Amino acid sequence: MHSIFITKCMGSYSLLRLFFSLLLLNVVLLAAETTEDTNTTVVNSNELIEIEDTSGLSEDEVRQIAKKIDKKEQQKKLHRKVRWEELSPTPIKRDWIRTKSGEWFCGKIKALYDDKLEFDSDEIGLHTFDFDDIIMIKSYQLISVNVENLASITGILRLNGDKVTIIQGEEKYEFKKSDIVSFAPDAELEKNYWSGKITLNFDLRSGNTDQFDYAAQANLKRRTAVSSLSLDYLGRISFKDNEEIANDHRVNEKYDRYITRYFFWTPVFSEFYTDKYKNIREQITVGMGLGYTVVDTKDIFWNFSGGPAVVYTRFYTVEDGKKSENYSPALEISTKYEQQLTSITDFTYNYKLTLSNKESGIYKHHMILKFENKLLSWLDIDITGIWDYVHAPQSDVSGVIPKKNDYQLLIGLGIEF
């Protein structure tokens, strides 16, 4: 599949065709995952077994079974005269979670990844909890749970302290909380798998100098219990005295499959990049790799990933005797670091370097530093620093060589959904 995709890219001479080639690859991957998710198979020793409910019961019938189990637990507590704080609500059309402080929240479970639980409530909006701070979960939705080194199991989820119970038809599966790698709703609608954030930055100046600067960032994620697909966009357009001085756009895609809590592999990662003032009409990178999570605590997350790739580059103009396009084998290495600095401020560091031949730049990196400051549950003020570097930029038809370094400082509003 990768070779077919690369061949198409090599024969492409338009931005639109290249973009849709990347889009088609993602659609194929999602279709393959959907097909895989509807069958109970073992691909190899590193693939999780999917345990499906074969009882033939409907979702409501499974919920009724879970309700009976909850009722028995409540009756046991009542017989020993427990305090009212120990009693728990019945899930009706909503999921319930309880924190260490004793507070109950009603809403909808979005996903658990990297020990962070995303929960959407009418009262507090979309909020991220540390999984360590959650002591009880009573789901109304069917949840697909990735149990480390064992299986992906779908059912009604119950968490009580360190004990996790998955109710599936007439069967119950019990595990320790520490065995859970990730979970997400077993969504009937495709939109329930997705979440994201859009950040917009504008700068308008008039007077002695008329200048307009626009920059946008978009981050989309599709997550299931065993996989994660991320799509990121970063773009900038600037005009000064009605003359364009900047126009660059970057789209990244990364599809990860979890093997254990810390180890994952990437069947495909890709990037589309264009920068008019670096003489790059289009540059496409496609590869595959492996990744490992070094640190995963309540406040800090840090991982590394990378692998071999192929880079295709087409230039706007070139000097006489030089080729207008180039193909190169490459090696890509990336790291991501996240830290919760305060209750309202998060810090993220992304770094990606690519090694290739001279015509593709020899060495280049893309680095992003971001501080996200929460205003509301769905609204942030984002401060972003970006550093792009190309060791051997290619000259244009006039022999002008673009600068190696490119810096940006962005301040904008981010909307989460």
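The values are calculated or read from the model by the stated rules, or taken from the named source; none is laboratory data. In this text the structure is predicted, and so the values were computed from the model without any measurement. No Cβ is skipped: glycine too gets one built from the backbone with ideal geometry, and neighbour counts run over all protein chains shown.
A few points about this structure:
- Residues of the range 300-310 satisfying the condition of being more than 18 Å from the chain's Cα centre (by Cα) and not small (Gly, Ala, Ser): Pro308, Val310
- Filter result for Ile167 (touching a strand residue (DSSP E or B) at 6+ places or on another chain (Cβ under 6 Å), modelled with pLDDT of 90 or more and surrounded by 18 or more Cβ atoms within 10 Å (Cβ to Cβ)): yes
- Flag not set for Lys276, criterion: under 30 Å from Leu150 (Cα atoms), of a type in the set (Lys, Arg) and touching a residue at least 40 places away in the same chain (Cβ under 8 Å).
- For Ser270, the conditions (1) buried (at least 21 other Cβ atoms within 10 Å of the Cβ); (2) modelled with pLDDT under 95; (3) over 12 Å from Ser305 (Cα atoms) are fulfilled apart from (2).
- Condition check for Arg158: in the same structural domain as Thr54 (by TED's automatic domain parsing), touching a Ser or Thr at 6+ places or on another chain (Cβ under 9 Å) and in a strand (DSSP E or B): yes
- Leading residue by the ranking (farthest from Thr165 (Cα to Cα)) among those in the range 60-97 that are among the β-branched types (Val, Ile, Thr) and modelled with pLDDT of 75 or more: Ile92
- Count of residues meeting criterion [of a type outside the set (Asp, Glu), more than 17 Å from Asn252 (Cβ to Cβ) and within 20 Å of the chain's Cα centre (by Cα)] in the range 361-380: 6
- For the range 229-257, taking the residues that are surrounded by fewer than 20 Cβ atoms within 10 Å (Cβ to Cβ), touching a strand residue (DSSP E or B) at 6+ places or on another chain (Cβ under 8 Å) and among the polar types (S, T, N, Q), the one that is farthest from Asp203 (Cα to Cα) is identified as Ser230.
- Among the residues of the range 207-229, those identified as within 21 Å of the chain's Cα centre (by Cα), without any contact (Cβ under 8 Å) to a residue 40 or more places away in the chain and farther than 24 Å from Arg281 by Cα are Leu220, Lys221.
- Applying the condition of being aromatic (Phe, Trp, Tyr) and without any contact (Cβ under 8 Å) to a residue 60 or more places away in the chain to the range 230-263 and asking which residue is nearest to Asn350 (Cα to Cα) yields Tyr233.
- Qualifying residue in the range 311-333 (condition: surrounded by 15 or more Cβ atoms within 10 Å (Cβ to Cβ), under 17 Å from the mean Cα position of the chain (by Cα) and without any contact (Cβ under 8 Å) to a residue 40 or more places away in the chain): no
- Yes/no for Thr224 being polar (S, T, N, Q) and either surrounded by fewer than 15 Cβ atoms within 10 Å (Cβ to Cβ) or more than 27 Å from Leu379 (Cβ to Cβ) (or both): yes
- Among (1) modelled with pLDDT under 85; (2) surrounded by fewer than 18 Cβ atoms within 10 Å (Cβ to Cβ) - the single one Asp162 does not satisfy: (1)
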